[in-house]
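Below is one structure, written out as structure tokens; the observations come after it.
What follows draws every value from the coordinates through simple rules; no lab data is involved. Since we're looking at a predicted model, the values are computed, not measured. Neighbour counts are summed over all protein chains in view; Cβ atoms, including those assigned to glycine, are modelled from backbone coordinates with ideal geometry.
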């Protein structure tokens, strides 16, 4: 099991928290504090990362980690994120295949909502996102959508899931 530490990294004048591999164990989903909400954003677009981080903050998320390369995204797989936002229009390290592989693993984690940002006019991105059970697909998100409402709705849904019996939460993907 890979664990991660959070490190602060400056990206275009803004400090973001980055998930990076570590040796110590992390909190499991079952041990999450009831008022703690944690999200992870992964994009090769620094401007979009800043916008996603700001939207998460405005929507009341406790923590918003940023994966700035494929290795940090892989390291976050064993983390405890209720929401994961991945950008296929500007994938980390320009490696869409690696981002897709990690996102598929993240989409199967109990209690995790996956949002996929795709390129405008690319039906393959949307088809893939829907096939793995993404919570939401956003084409052309880099143009300026209302991301705060996305984070607020995801927080509401994640809060509802955390109040459900754990066994139901584990099997939610199989039941859909």
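Observations, loosely collected:
- Extending 7 Å from the Cα toward the beta-carbon at both residue 149 and residue 95 defines two label points whose distance is 3.7 nm.
- A straight chain from residue 71 to residue 136 at 0.36 nm per residue would run longer than the Cα-Cα distance by 21.0 nm.
- Peptides 67-75, 147-155, 118-126, 82-90 ranked from most to least packed by the mean count of surrounding Cβ atoms within 10 Å: 82-90, 67-75, 147-155, 118-126.
- Three principal axis lengths of the stretch 49-114 [C-alpha, angstrom, descending]: 31, 26, 17
- Two-site label geometry, residue 122 and residue 62: point separation in nm, points 7 Å out along Cα→Cβ: 3.4 nm
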